[in-house]
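Below you'll find the structure, written out as structure tokens, and then a few comments.
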Amino acid sequence: QCIVERFLGGSDAYVAMASSNSAARVVGGDTLHASLHLHGKQKMDMTSLGNGVTDSAVDKWSLVSCVVIDEISMVAPRFLGVVSYRLCVLRERTCGSVPLMFASPGEMFGRIPLVILAGDFMQLPPFEGKKRVSLMKRPGLRCRGEDAPVKGQSDADFLAQKGYDMFWNCMTECV
């Protein structure tokens, strides 16, 4: 956090998030859901994710130039897509991000210049419903390369594939 504040501006330039409350507290942040203003009954489809955006959330996210997401190995591919899409929605008015391009290089995560995904990939993958899903294993979905769900494909499947593609195809550094 000190490095980000020194090189990227004040403390508003940095947001730390994690999949669990305990991990969020360790990195000085909040859960992914709380940070992105997603409530417990929020549907994870693109229409619902575009709703419920407050002016205060837009203002908060307009200043951010670095995001740290801890416990990334515990985030399902679909939810990584949700995070990127929601950040694009939150930054659309102020930073010109395009929500439908949420998985494209340069547009991912609402055009935030520095996104750090941290975690231990030897941990067990997260559950989605009753099965385990992981960013480490490509899901057998059929939208690779598409900018919108293909006919008959759910938003959930589309977001999962795009989340996986973002993680493996668009990240530039791995340490």
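The values are calculated or read from the model by the stated rules, or taken from the named source; none is laboratory data. Keep in mind it's a predicted model, so treat the numbers as computed, not measured. For neighbour counting, all protein chains shown are included, and Cβ atoms are generated from backbone atoms with ideal geometry for every residue, glycine included. Areas reflect the complete protein model, heavy atoms only, side chains present, ligands, DNA and RNA absent. Shrake-Rupley method; radii C 1.70, N 1.55, O 1.52, S 1.80 Å.
The table below gives the values:
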| item | result |
| --- | --- |
| Complete set of residues in segment 3-54 that are open to solvent by 50 Å² or more (accessible area, probe 1.4 Å), over 16 Å from Val75 (Cα atoms), of a type in the set (Ser, Thr, Tyr) and modelled with pLDDT of 85 or more | Thr47, Thr54 |
| Residue that is least open to solvent (accessible area, probe 1.4 Å) [pool: residues in segment 88-101 that are among the hydrophobic types (A, V, I, L, M, F, W, C) and within 14 Å of Leu159 (Cα to Cα)] | Cys88 |
| Test: Arg86 is more than 13 Å from the chain's Cα centre (by Cα) and at pLDDT 90 or above | no |
| Answer residue from segment 55-78, given it is open to solvent by 30 Å² or more (accessible area, probe 1.4 Å) and assigned to a helix (DSSP H, G or I) and is nearest to Asp155 (Cα to Cα) among those | Arg78 |
| Among (1) without any contact (Cβ under 8 Å) to a residue 12 or more places away in the chain; (2) under 11 Å from the mean Cα position of the chain (by Cα), the one test that Gly81 misses | (1) |
| Scan of segment 102-161 for residues that are surrounded by fewer than 18 Cβ atoms within 10 Å (Cβ to Cβ), more than 30 Å from Leu63 (Cα to Cα) and at pLDDT 75 or above, ordered by number | Gln153, Ser154 |
